[in-house]
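Chemist: Sharing a structure, written as C-alpha cells. Questions coming.
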Amino acid sequence: MTEWINNIDAAWFMSVFEALIYFIVGLILAKMASRAVRQWSKNRFDTHQQLLMARVASYLILLVFVVMGLNAIGFNLGVLIGAAGVMSVAIGFASQTSASNIISGLFLVAERPFSVGDLIKVGETTGEVLSIDLLSVKLRTFDNLFVRIPNETLIKSEVTTLTRFPIRRIDLSIAVALKEDIKAVRKVLEKVAEANPLCLDEPKPKFVFLGFGDSSLNMQFSVWVKRESFIELKNSIHEEIKEAFDAESIEIPFPHRSLYTGSVTEPFPIRLVSDADSKPENKD
Amino acid sequence: MVGRQNRWWGDFDFPQQTQWVMRCADVCLEMHSAPHQWWLGYEWQHTTEQIEPSLKNETSTFESPPKHEHRFVFAELPERVAIKPALADRPVVCRPDVSVSLLPFQEVTLFVCLPLWLKIASTSSEQTLLDIPTVKVCDSWFGPNTREGVLSYASQVSEQLDVKPIANNKARAAIEVRIQNQSDQMLTLDKISVPAPNLSLYVDKQGQFWTQRITLVRRNLDDAILSLDDVISGGLPLSALELVCAAREDIGRSKITKAISALFG
C-alpha cells in the first residue's frame, strides 16, 4: 500500500484534479447555459422546442469540458474515437428503429404539425397530445386511455389536427320524405341555424341537395362553429332540427318498399275475415 | 337607490336584503344581496327592446329561475355595487341591409348603433363579476378565409347615413364610421368589422352613448388603414361628454394597418 502511494506521481494527481475541475465547471456552465437558453426562447418557441434547445446547449458544453478533462488526464482520444466508430456501426444496426424515431421526432419538432394540448387523429385513435418526446408522442384519448405513438409512425401516417384552426364545420345529413317541399325544408333549417347562438353567422350555413334516395330526399346542411363549442352545437342543433321538423310536420322517413308480383301484375289475393267469423263458437 | 343624476348606471348602495332589477335593451338582470353573498341572474327577453334602460328596486320578475345565475360569496359583504356600460370584447360585424357600393375616390359616412355590454363589480374590488351583452349576440367569423381571421360578434345593427335616427336609443352606442375609397376600383361593402374593443365609451347629458369616430381608408386592393380619430362621433365636443369606459384594448397612438379583408367584407 505504501509502495503504491509512493508511486503516485504528483503530476498525475494534479492532472486528475484538473480533470475534476473541468467536469465540475462543465456541469455548472452546462446548467447555466440550459437556463439561459430556456429564458431566451421562452416567448419565441413552444415548450418542446425550448426543452430541446436547452438540452442541446447543455450537452454540447458538457461534451467540450469532458473532452478537456479527458485530455488533461492524458487519455488518448484517438482510441476513443476509433472505438466509437466501431461501436456506432454495431449500435446503428441494433437501434435502427430508435434512431428513426429520434430523427422523425426532430422533423416533427421542426415542422410543427401539432403542439402539446392539440387534439389529433392518427388512424383510428383520437386524443389530446400530452407530450412530444424524443421517440414517441403521448396521447390521452377521450375515454382516458394513454396511447403512445412512435414518431416514425406519425411521420409516415396521415395526422389530422382537429384544433389547428379556430373554427370548424359540422356537416349534418338530413333526409326528409319524398313528398316534402325542398324550399320549405331549407327555410326551416336556416331558421334553426339563425336561432342557435353557437352557429356562426359567418361563414354562412350551407345547404346542399344531395339527391333523391330510395325513400327520401337527401340533403346536407353545414354550419360553422367555434372549435370549443363543436360538441355542444352538434348535439343541440340535431335536437332543434327535430323539434322544428315536428312543429312544421316535416316527415323524416323510414325505408319504403313496394312489392310487385311480376311484369304483368296480378292483384294479390286478399281474403277479408271478420271478428265474428274468426271466433270458434260461431263456426257452426 | 343613490345615483348620480338618476342614472341607471354608476355606483349604487347595495345593502343586505336589497333587490334591484335592471332592464337594458333585451337583457333583464336581477341582483339580490344576501348575507355574505350576491346573487345575479339574467336572461335575454325578446319581447320589446328597452331603449330607455332602467334600474329599479323591485321584487323578482322571473317566473322561473333565469337561464343564467351566478352567486358570489364574500367574507365581508360589499356595501356598493358598480354598474358600468361598456362596448363589446370582440369586433362587431355590421351588415347593411343592402350592400353599399362606394365609387373610386369617394367618401361616405355611416352611423351605426353598437350594442352595449354591462360590467358589474363591487366597488371594493376591481374584479369584474359579470360582463354580459345587453342583446343576445351571435358569434361570427371575420376574415379572408376560414384559417385567418378573428372571432367577432354579428349583431343586428342598423346603419344610417344620418345620426339623428339612431341618437334616441339609449341602450346602444352610436358610432360614426367614415369610409374613404382612395383606390381606382369600386368598393363594395357587404359588412364592416368595427373594432369595438379599441373604442372608448362616452355619454352626453341626455344619457346617449357615443364612441370615437373611426376612419377606414382603402388604398388599393389589399391595403386598408383603420384609424381612431380624436373626434367623437356626431361631432360632439369632448367637453360635453363624460368618459364612461375606456377602451378594453389600447390600440396605441399609431394607426394600424390591416389587410382589406380584415376590415371590409
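The values are calculated or read from the model by the stated rules, or taken from the named source; none is laboratory data. Keep in mind the model is a prediction, meaning the values are calculated, not measured. So basically every Cβ, Gly included, is an ideal-geometry build from the backbone, and we count neighbours across all protein chains shown. Just the protein is used for accessible areas: all its heavy atoms, side chains included, with ligands, DNA and RNA removed. Shrake-Rupley method; radii C 1.70, N 1.55, O 1.52, S 1.80 Å.
Chemist: From the list B:Thr146, B:Thr128, which one is within 23 Å of B:Leu243 (Cβ to Cβ) and β-branched (Val, Ile, Thr)?
Modeler: B:Thr128
Chemist: Give A:Phe23, A:Phe45, A:Phe75 a once-over and let me know the one that is outside any helix (DSSP H, G or I), open to solvent by less than 90 Å² (accessible area, probe 1.4 Å) and not aliphatic (A, V, I, L, M).
Modeler: The unique qualifying residue is A:Phe45.
Chemist: Looking at B:Gly207, B:Gly149, can you tell me which residue is out of contact with any strand residue (DSSP E or B) (no Cβ under 6 Å at 6 or more places or on another chain), at positive phi and at pLDDT below 90?
Modeler: The unique qualifying residue is B:Gly207.
Chemist: Going by the conditions given, is B:Asp89 loosely packed, with under 12 Cβ neighbours inside 10 Å and of a type in the set (D, E, K, R)?
Modeler: no
Chemist: Return the residue satisfying two criteria in turn: it lies in the stretch A:117-136 and is touching a helix residue (DSSP H, G or I) at 6+ places or on another chain (Cβ under 6 Å) and open to solvent by 30 Å² or more (accessible area, probe 1.4 Å), and of such residues it is farthest from A:Leu154 (Cα to Cα).
Modeler: The extreme case among them is A:Leu134.
Chemist: Moving on to the next point. Identify the residue in the stretch B:138-157 that is out of contact with any helix residue (DSSP H, G or I) (no Cβ under 7 Å at 6 or more places or on another chain) and assigned to a loop (DSSP other than H, G, I, E, B) and, among all such residues, is farthest from the other protein chains (Cβ to nearest Cβ).
Modeler: Here the residue is B:Val157.
Chemist: Output yes when any residue across the stretch B:139-146 is modelled with pLDDT of 90 or more and over 20 Å from the mean Cα position of the chain (by Cα), and no when none is.
Modeler: yes
Chemist: Let me ask another. With the checklist (1) farther than 30 Å from A:Val192 by Cα; (2) modelled with pLDDT of 70 or more; (3) open to solvent by 80 Å² or more (accessible area, probe 1.4 Å) in hand, flag the one item A:Ser274 doesn't pass.
Modeler: (3)
Chemist: Here's a follow-up. Which residues, taken from the stretch A:154-177, are more than 22 Å from A:Ile237 (Cα to Cα) and more than 14 Å from chain B (Cβ to nearest Cβ)?
Modeler: Across the stretch A:154-177, the qualifying residues are A:Leu154, A:Ile155, A:Lys156, A:Ser157, A:Glu158, A:Val159, A:Thr160.
Chemist: Any idea how many residues of the stretch B:58-70 are more than 25 Å from the chain's Cα centre (by Cα), in contact (Cβ under 8 Å) with a residue 24 or more places away in the chain and exposed (fewer than 12 other Cβ atoms within 10 Å of the Cβ)?
Modeler: The number of residues fulfilling the criteria is 2.
Chemist: Being within 14 Å of chain B (Cβ to nearest Cβ), closer than 30 Å to A:Pro253 by Cβ and out of contact with any Phe, Trp or Tyr (no Cβ under 6 Å at 6 or more places or on another chain), is that true of even one residue in the stretch A:179-191?
Modeler: Yes, the stretch A:179-191 has at least one match.
Chemist: Residues B:Ile214, B:Ile225: which one is out of contact with any His (no Cβ under 9 Å at 6 or more places or on another chain) and open to solvent by less than 10 Å² (accessible area, probe 1.4 Å)?
Modeler: B:Ile214
Chemist: Still on this model: Give the residue that is farthest from the chain's Cα centre (by Cα), with candidates limited to residues of the stretch A:203-235 that are among the aromatic types (Phe, Trp, Tyr) and closer than 21 Å to A:Pro253 by Cα.
Modeler: So, considering only residues that are among the aromatic types (Phe, Trp, Tyr) and closer than 21 Å to A:Pro253 by Cα, the one farthest from the chain's Cα centre (by Cα) is A:Phe212.
Chemist: Kindly evaluate A:Leu52 against the criterion of being part of a helix (DSSP H, G or I) and surrounded by 15 or more Cβ atoms within 10 Å (Cβ to Cβ).
Modeler: It is true that A:Leu52 is part of a helix (DSSP H, G or I) and surrounded by 15 or more Cβ atoms within 10 Å (Cβ to Cβ).
Chemist: For the stretch A:78-115, give me each residue that is modelled with pLDDT under 85 and in a loop (DSSP other than H, G, I, E, B).
Modeler: Once the filter is applied, which keeps residues that are modelled with pLDDT under 85 and in a loop (DSSP other than H, G, I, E, B), the stretch A:78-115 yields only A:Ser95.
Chemist: Further question on the same structure: Looking only at the stretch A:213-227, how many residues end up being open to solvent by 20 Å² or more (accessible area, probe 1.4 Å) and at the interface with chain B (Cβ under 10 Å from one of its Cβ atoms)?
Modeler: Of the residues in the stretch A:213-227, 2 are open to solvent by 20 Å² or more (accessible area, probe 1.4 Å) and at the interface with chain B (Cβ under 10 Å from one of its Cβ atoms).
Chemist: Quick check: is even one residue across the stretch B:123-134 surrounded by fewer than 17 Cβ atoms within 10 Å (Cβ to Cβ) and under 22 Å from B:Arg213 (Cα atoms)?
Modeler: No, the conditions are met nowhere in the stretch B:123-134.
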